[in-house]
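What follows is calculated from the coordinates using simple rules that are stated; it is not laboratory data. These numbers come from a predicted model, not from an experiment. No Cβ is skipped: glycine too gets one built from the backbone with ideal geometry, and neighbour counts run over all protein chains shown.
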């Protein structure tokens, strides 16, 4: 496992260096005026120094997971099906990024993204049902027991969690290194649980993805040399939610990802307030941009989110 981890890390670092060089030579694949996915003028002003930074770094993360999944198959003659669905989430993000890159329009619409994520999430749950790997007994935080759900109720709940988690992490991906750091911490929590429950498949995949996060963070930390894009954000959101569902701890998403969920909630609060009262609750939504507008340094915001995630992961472990 150590060899696999180091190999994934080195592959990510090497591939990312090559990918950044490639993107720097392809001016149409950069976050400049052609890929202005930052719609709000106030955020444009905050991040004007980021224009010209290459994007779609998540392609490397997806590629490394694919390679390591093939390696796992060659070693064990077993397909890691969870990784296929994780890669589908990454592919959904790639489509969004590619549309922005080619400036066909500003990515997929929110409705199209919601439909795409719902289809992938539904396919995953149906696959679990078809292969008899679905377990509707889910653990409850802080209680030594499980809740037995009706299959239909369970399926709908898991689909909502999958879509909600991927969206939350996607929304949080707005500052250099923010989502990668959060993912590293949460994947550590997942890896520990997988190890303690002897779930070798989840442990393998979680550690591979964590190593790609560490390798990518070298280039995505402030000031970022490359952005992960939706290709990386949806990939990570899909991975974290799928792992927790497989480990029967989906409710722990509501604990360990509180920083991301809070970010999403601030967007909902802001939009609702604007619609019904015409007034803003936050200077900018999501919350990490609100803190920027309040004068917080980007690195301070990132470290604060990392710390809060680590604290909530500790709470989550106690809740087991």
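What the table shows:
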item: Segment 205-273: translational diffusion in µm²/s, Stokes-Einstein, Kirkwood Rh over Cα pairs, 10 °C, 1.306 mPa s; result: 114 µm²/s
item: Long-range tail of P(r) for segment 2-257 (Cα pairs > 23 Å, %); result: 50 percent
item: D_trans [Stokes-Einstein, Kirkwood Rh over alpha-carbon pairs] for segment 174-320, 25 °C, 0.890 mPa s, µm² s⁻¹; result: 152 µm²/s
item: Shape box of segment 69-176 [Cα atoms, principal axes, largest first, Å]; result: 50, 36, 29
item: Simple label model, 7 Å out from Cα along Cβ direction - residue 195 to residue 140, nm; result: 3.0 nm
item: Packing rank of 276-287, 58-69, 142-153, where each peptide gets the mean count of other beta carbons within 10 Å, highest leading; result: 58-69, 276-287, 142-153
item: Spin-label zone in segment 217-248 - amide nitrogen under 12 Å from a point set 7 Å from the Cα of residue 151 along the C-beta vector; result: none
item: Distance between modelled label sites at residue 254 and residue 277, nm, 7 Å Cα→Cβ extension; result: 2.6 nm
item: Where N is the number of residues in segment 115-182, Cα Rg divided by 2.2 N^0.38 Å; result: 1.35
item: Gain in span if fully extended, residue 293 to residue 7, counting 0.36 nm per residue against the direct Cα distance; result: 98.9 nm
item: Gained length - residue 318 relative to residue 269, 0.36 nm times residue gap less alpha-carbon distance; result: 14.6 nm
item: Relative contact order for segment 2-257, counting Cα pairs under 8 Å that sit 6 or more residues apart, in percent; result: 31 percent
